[in-house]
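A quick write-up on the structure given underneath.
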Amino acid sequence: MEGHATAVDLRDVMIRFGEFTAVKSMDLTVGETEFVAVVGPTGCGKSTILNTVTGLLKPAAGDVRIFGKPLAGLNDQSGYMLQQEGLLPWKTAQDNVGLGLVFQGRSVEEARERARPWLAKVGLRGFEERYPHQLSGGQRKRVAMAQTLIMEPRIVLMDEPFSALDVHTRRLMHRILLDLWQADRRSLIFITHDLDEAITLADRVVVMSAGPASRMVGDVRITLPRPRDVSALQTTDEFVALYREIWSLLGAEVEKSYATQK
Ligand SMILES: Nc1ncnc2c1ncn2[C@@H]1O[C@H](COP(=O)(O)OP(=O)(O)OP(=O)(O)O)[C@@H](O)[C@H]1O
């Protein structure tokens with residue numbers, strides 16, 4: 001594992017909703033500068049795992065440690081970016097980016113001051129005064145990304161953040177995310193259905209089995225050198241070999257999941 005310290009350490013975690021066992025036994029470790037993607041069939045418990053890392057869900061069994069300490073209550077070291085970006089429609093891009101700072105008690109002026117360079121970092125200089133409905137889907141995602149990262153969480157959690165975007169915009173988002181992450185490496189857990197996306201971005205791809213009662217079935221190190229050229233990468237022999245290796249694990253689980261949902 002990369003990174004000197006372990007940021008997230010889930011050991012034999014079981015998550016239940018009443019009588020329903022969503023996750024039977026999950027082990028997941030993520031280093032403090034490591035980018036880990038989690039893939040698995042629909043309903044296997046990927047979001048459930050992220051919610052466990054945030055402290056929103058309590059495991060029925062097992063251990064959750066954040067930077068070595070057992071997680072009690074909410075994880076105040078994590079920042080969460082969801083699939084639905086949740087921008088406030090009545091606030092401008094810069095006020096949406098600064099929202100977390102205002103919640104923390106900073107003045108609106110200070111929040112705006114600090115939001116502006118973040119908008120520039122995600123390529124939205126000049127868009128400060130736009131409202132969410134005046135932005136494209138990809139631009140709204142960039143605002144949401146800045147809104148998460150401005151808080152400088154030590155652990156960044158992303159739940160299918162780009163799944164609603166077209167393939168070109170998604171690739172642009174990959175480039176922006178990798179540039180930001182490489183400039184200031186954090187522990188990052190990225191949930192996706194898209195194996196190309198997982199391999200393009202991550203240091204490791206963790207594969208979960210079909211649910212219910214899912215578990216980890218694979219943990220593959222992505223040896224592709226960084227910095228990565230997201231447009232050229234996917235046709236390289238190394239990428240294709242990694243895709244095959246991981247799909248040999250994931251494909252079987254996806255088939256199982258189809259079989260139970262027919
Ligand atoms: N609050 C809840 N109450 C009951 N069951 C739940 C709850 N939240 C999730 N589940 C169930 O737990 C399982 C895992 O859900 P989760 O949303 O984590 O899956 P996922 O892998 O993120 O799915 P997808 O890929 O479709 O987004 C599913 O069977 C889901 O129906």
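The values are calculated or read from the model by the stated rules, or taken from the named source; none is laboratory data. No experiment lies behind these values; they were computed from the predicted model shown. Reconstructed Cβ throughout: ideal geometry from the backbone, glycine too, with neighbour counts over all protein chains shown.
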For ARG142, are the conditions met, namely being within 16 Å of the chain's Cα centre (by Cα), modelled with pLDDT under 95 and either of a type outside the set (A, V, I, L, M, F, W, C) or on the phi > 0 side of the Ramachandran plot (or both)?
yes
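Just need a number here: residues in the range 148-164 that are more than 16 Å from the ligand (Cβ to nearest atom) and either not in a helix (DSSP H, G or I) or not β-branched (Val, Ile, Thr) (or both).
Looking only at the range 148-164, we keep the residues that are more than 16 Å from the ligand (Cβ to nearest atom), and these are 148-156.
Remaining after also requiring either not in a helix (DSSP H, G or I) or not β-branched (Val, Ile, Thr) (or both): 149-156.
Qualifying residue count for the region: 8.
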Pick from the range 82-94, criterion under 23 Å from the mean Cα position of the chain (by Cα) and farther than 19 Å from THR54 by Cα, ranking: modelled with the lowest pLDDT:
LEU87
Does MET145 satisfy being within 19 Å of ASP179 (Cα to Cα) and within 16 Å of the ligand (Cβ to nearest atom)?
no
Assess whether ILE66 counts as being more than 9 Å from the ligand (Cβ to nearest atom) and under 17 Å from the mean Cα position of the chain (by Cα).
yes
Selection count, the range 14-26, where residues are within 14 Å of the ligand (Cβ to nearest atom) and either outside the structural domain of GLU160 (by TED's automatic domain parsing) or of a type outside the set (D, E, K, R) (or both):
9
Can you tell me which residue is nearest to ARG185 (Cα to Cα) among those in the range 27-48 that are more than 11 Å from the ligand (Cβ to nearest atom) and surrounded by fewer than 24 Cβ atoms within 10 Å (Cβ to Cβ)?
THR33
Which is more than 14 Å from the chain's Cα centre (by Cα), surrounded by fewer than 18 Cβ atoms within 10 Å (Cβ to Cβ), within 29 Å of SER248 (Cβ to Cβ) and among the acidic types (Asp, Glu), of ASP166, ASP194?
ASP166
The range 167-199, subset β-branched (Val, Ile, Thr) and touching a strand residue (DSSP E or B) at 6+ places or on another chain (Cβ under 9 Å), residue nearest to the ligand (Cβ to nearest atom)
ILE191
Whichever residue in the range 208-227 is away from the ligand (no atom under 12 Å from the Cβ) and part of a strand (DSSP E or B) and, among such residues, is nearest to PRO59 (Cα to Cα):
ARG215
